[in-house]
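Undergrad: First, the structure itself, so that you have it in front of you.
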Amino acid sequence: MAVWLGFILLVVLMLALDLGVFNRRSHVISTREALRWTSLWVSVSLLFSVFVFFAYDRAWFGIGEEVGHPSRGIDAALTFLTGYIVELSLSMDNIFVIAVIFSYFGIPKQYQHRVLFWGILGAVIFRGLFIAAGAYLVAHFDWVLYVFGAILLWTAYKMLKSNSDEEIHPDDNILLRFFRKFLPVTKQMRGDHFFVKRNNRIVAMTPMFVALIVVETTDVMFAFDSIPAIFAITSDPFLVFTSNIFAILGLRSMYFVLASLLDKFEYLKYSLAAILAFVGIKMVALHPLHIKLEQWVSLTLIVTLLAAGIIASLLKERADKRKEEKKSDEHSPKTTEVM
């Protein structure tokens, strides 16, 4: 219990420093600043994997003593890193959707961090609840793993079949339509405020709060794919929760780095689909046969699949750019020198 409380206090402290100290004033997050924050979150996550190694290796606070949980430090650390990378890679689709939501509701760049902060805070709470429910089901009903595996395989199939040109309509959000029955939405932004108050009474919600509702519910939908994925890697609730939360915490800064670049990663969805299919097959096919892959094998394969999609996308973009340059050279008027 102590290790759980310690981790939750760590998360609360980092979030408090983020909004209350470093980002107290609304401002546009530059790419350089976002890269610094991304590096910080990744570094903290890697440092935490070191803590995981020693905590499990030496059974601090009785951690790792449950049957079926990693007992060796190296196994626990690799499991944490595998889960972290899986959750981080699956979050990339979420980044694209968040960018569409901000554009749709016209959220100024200087206020986007505030929406993401509260959105991430809500995501931490909801994912904690989902993970607790998933851990209970996995511990008491072994067949749930097959359901999770089937969900992942179906999600991989949908990802391959999805059209990147499909439009997203945030206005169709069910929860948003529910809120609009009780409160009107202002046409203009009211600074960084979520609500308009008169006589200490909320009379309207701003586009900021509307965007927050859609971001929050979108993350809940993505959680239905990502939570089963982490349970394919481990059933240890502490490793499931910590790897998931660290990935979510890093999502905010990653958004400001990748939002404008994601459209260049044309083949990334194939990598994500392959990762989902891999963890789904582990659940549906390998689990009943009692075939257990070493964590370093899973980690290596997942990183390779992710890197392959990114590299292939960059090479494709470079090749397309060369073709365009060649076409423009062919159609440009040729000049002849006169002596």
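Undergrad: Over 25 Å between Cα atoms, which of LYS109/LYS264; LYS161/LYS282; LYS187/LYS264; LYS161/LYS323; LYS158/LYS316; LYS264/LYS327 qualify? Spell out each step's value before the answer.
TA: Working: LYS109/LYS264 21 Å; LYS161/LYS282 22 Å; LYS187/LYS264 33 Å; LYS161/LYS323 27 Å; LYS158/LYS316 23 Å; LYS264/LYS327 21 Å.
Where the Cα-Cα span goes over 25 Å, the pairs concerned are LYS187/LYS264; LYS161/LYS323.
Undergrad: In terms of modelled amide H atoms, which long-range or inter-chain residues lie less than 5 Å from the amide H of PHE195?
TA: Counting only residues 5 or more places away or on other chains, the set is THR206.
Undergrad: Follow-up. Starting from the Cα-Cα distance between LEU137 and ILE74, subtract it from 0.36 nm times their residue separation and give me the gain in nm to one decimal.
TA: Working: separation 63, 0.36 × 63 = 22.68 nm, distance 2.68 nm.
Roughly 20.0 nm would be gained on extension.
Undergrad: Here's another thing I want to ask about it. Using a cut-off of 12 Å between beta-carbons, work out the net charge of the residues near VAL86 (Lys and Arg +1, Asp and Glu -1, VAL86 not included). Walk me through the numbers before you get to the answer.
TA: Details: positive: LYS282; negative: GLU87, ASP225.
Taking every Cβ under 12 Å from that of VAL86, the sum is -1.
Undergrad: As a footprinting exposure proxy, order SER243, SER49, SER253 by other Cβ within 10 Å, with the fewest listed first.
TA: On the way: SER243 28, SER49 19, SER253 23.
With the fewest neighbours first, SER243, SER49, SER253 line up as SER49, SER253, SER243.
Undergrad: When Lys and Arg each count +1 and Asp and Glu each count -1, what net charge do the other residues less than 10 Å away from ARG127, Cβ to Cβ, add up to? Intermediate results must be reported in sequence, preceding the final value.
TA: Details: positive: none; negative: GLU87, ASP219.
It works out to a net charge of -2.
Undergrad: Based only on other Cβ atoms within 10 Å, what is the fewest-to-most ordering of SER226, SER298, SER235?
TA: On the way: SER226 26, SER298 22, SER235 17.
Fewest to most other Cβ atoms nearby, the residues stand as SER235, SER298, SER226.
Undergrad: Report the local net charge at VAL203: Lys and Arg +1, Asp and Glu -1, summed over other residues whose C-beta lies under 12 Å from its C-beta. Please list the in-between numbers first.
TA: On the way: positive: ARG190, LYS197, ARG198, ARG201; negative: none.
For residues surrounding VAL203, the net value is +4.
Undergrad: Which whole-number value in Å³ per residue fits the convex hull of the alpha carbons of the chain? Don't jump to the answer; show the numbers that get you there.
TA: On the way: hull volume 68.5 nm³, N = 339.
That works out to 202 Å³ per residue.
Undergrad: If each residue's Cβ is checked for other Cβ atoms within 10 Å, how do PHE80, PHE195 rank with the fewest at the top?
TA: Details: PHE80 29, PHE195 15.
If I rank by nearby Cβ atoms, fewest first, I get PHE195, PHE80.
Undergrad: Please compute the modelled spin-label separation between LYS327 and ARG177, points set 7 Å along Cα→Cβ, answer in nm with one decimal.
TA: According to this spin-label approximation, the distance is 4.1 nm.
Since every read-out is calculated from the coordinates, none of them should be taken as a lab result. Just so it is clear, the model here is predicted, and its values are computed rather than measured. Every residue, glycine among them, receives a Cβ derived from its backbone with ideal geometry; neighbour counts consider all protein chains shown.
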